[in-house]
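**Student:** Quick one: the structure is below, and I'll ask about it shortly.
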Amino acid sequence: MKSLDAFISTNPAYCSFAIFHFCQGYMNEAKASMPYPLMVLPVPIILSGEFENRFRNQRIATGLYAWLERNPDVLIELAERIEGTIPLTKSAITFGLSSNIIEISENGLVKANSNSLKKTVPANNQKLKIIKKNAELLGSWCGQAKSAAMVFNQMGVKL
């Protein structure tokens, strides 16, 4: 099963699913498109599986800062994890752009294209439901900060 999980988590379509829902959460909270630099966050945080349980029983009202305070180990080697997943994130972005599930403006703002992705996750796919929920939650928290610099500052990551 682990080899299947490894294959799925390195699949650009699967990763773009997480990026899409992260962006959607951001947009719902900020009422604006998302800054491009934030696209590096969902793959190492949401898809690693390592932090899946940390999102249980959390709400949008929790906020990024409080969540990080309760889960400081998320920050351990975060910059290295982001850097290590850049090739996969780039492939996911390319897939998302070619599939029209995300759009990037000339100003570097990202928009989740809700019309191009099926709105519901199959009822029998618990893993996708968890990824969708967690990605939207993390995106919402980032949307509360309303700036990529503020998000990365709270995470202790330099742009």
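No lab work stands behind these numbers, since they all come straight from the coordinates. What you see is a predicted model, and the numbers here were worked out from it, not measured in a lab. When we count neighbours, we look across all protein chains shown, and the Cβ atoms used for this are built from the backbone with ideal geometry, even at glycine.
**Student:** Cross-link candidates for LYS132: which aspartates and glutamates have Cα within less than 13 Å, leaving aside residues fewer than 8 places away along the same chain?
**Tutor:** GLU52
**Student:** What nm distance separates the two modelled labels at GLU80 and SER105, each placed 7 Å from Cα along Cα→Cβ?
**Tutor:** Result: 3.8 nm between the two label points.
**Student:** Continuing with the same structure: For the range 122-159 and the range 53-82, what is the separation of their C-alpha centers, rounded to whole Å?
**Tutor:** Rounded to whole Å, the Cα centres lie 9 Å apart.
**Student:** Cut-off 10 angstrom, C-alpha nodes, Gaussian network model of the chain. Which of ALA61, ALA13, ALA32 fluctuates the most?
**Tutor:** ALA61
**Student:** Using DSSP H assignments, which helices in the chain have an axial alpha-carbon span of 20 Å or above and a mean Kyte-Doolittle hydropathy of 0.0 or higher?
**Tutor:** Both cut-offs are met by 12-30, 78-98.
**Student:** State the label only: which of [x] 1.21; [y] 1.29; [z] 0.95 corresponds to Cα Rg over 2.2 N^0.38 Å computed from the shown model?
**Tutor:** Given [x] 1.21; [y] 1.29; [z] 0.95, the calculated one carries the label [z].
**Student:** What FRET efficiency would be calculated for the residue pair THR10, ALA61, taking the C-beta separation as r and a Förster radius of 35 Å, to the nearest 0.05?
**Tutor:** So the FRET efficiency works out to roughly 0.55.
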